[in-house]
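The values are calculated or read from the model by the stated rules, or taken from the named source; none is laboratory data. The shown structure was predicted, so the numbers you read here are calculated from the model rather than taken from an experiment. Positions of Cβ are backbone-derived with ideal geometry, glycine not excepted, and every protein chain shown enters the neighbour counts. Side chains are part of the model used for accessible areas, which takes the heavy atoms of the whole protein and leaves out ligands, DNA and RNA. Shrake-Rupley method; radii C 1.70, N 1.55, O 1.52, S 1.80 Å.
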Amino acid sequence: MKKLIAFTLIAFMGVQAFAQSTSLPTTNVKDLKGASVPFNETITPGKVTMISFWATWCVPCKKEIKAIREHLSDWHNAADFNYMTVSVDDSRATAMVRSYARSQGWDFPAYQDPNSDLKRALNFQNVPFTVIVGKDGKIAYMHSGFAEGGEAELFEKIKELAEQK
């Protein structure tokens with residue numbers, strides 16, 4: 001029983017530590033041309049940013065990005081924010097990630113996390129995974145999974161953060 005209580009306490013403290021540490025990791029990601037850049041430098045200071053983590057093999061991920069992309073034009077008229085994606089495919093899939101982004105006509109930044117370093121730094125297991133960064137450059141919201149219509153909830157959070165001074 002003591003071990004269970006200790007484990008629960010340690011697990012809770014770990015979650016609390018992460019919740020309080022909302023700064024963006026400096027872990028390197030790669031742009032689609034292969035250039036390495038610290039993740040925290042991909043975010044525009046003073047601007048809300050939504051980041052979709054995805055993989056080429058993940059059907060819900062592709063659906064989420066497609067749903068968001070369909071709304072981006074209208075959303076940008078209603079709120080000032082950036083959108084980007086980060087693929088968690090391994091390094092063997094680099095060409096597939098580039099090809100998929102190009103075939104979909106993505107006109108937003110797309111990055112790759114081929115060794116899952118960023119994924120580990122953000123401490124998530126599954127994709128789709130969405131992070132919204134506030135104007136202060138800190139993580140304001142995290143969401144795992146996708147259900148049709150769920151993009152509206154994400155946009156509500158974006159509007160709320162974009163209206164903050």
Residue tally, condition farther than 23 Å from G145 by Cβ, assigned to a helix (DSSP H, G or I) and touching a residue at least 12 places away in the same chain (Cβ under 8 Å), over the range 64-94: 3
Which listed residue is under 16 Å from F155 (Cα atoms) and among the charged types (D, E, K, R), from D117, D90, D80: D80
Filtered residues of the range 20-63 (kept if assigned to a strand (DSSP E or B) and hydrophobic (A, V, I, L, M, F, W, C)): V29, V37, V48, M50, I51, F53, W54
Residues being open to solvent by 30 Å² or more (accessible area, probe 1.4 Å), in contact (Cβ under 8 Å) with a residue 60 or more places away in the chain and outside any loop (DSSP other than H, G, I, E, B) - total across the range 124-143: 2
Boolean, F146 is open to solvent by less than 20 Å² (accessible area, probe 1.4 Å), in a loop (DSSP other than H, G, I, E, B) and either at negative phi or free of Cβ contacts under 8 Å to residues at least 60 places away in the same chain (or both): no
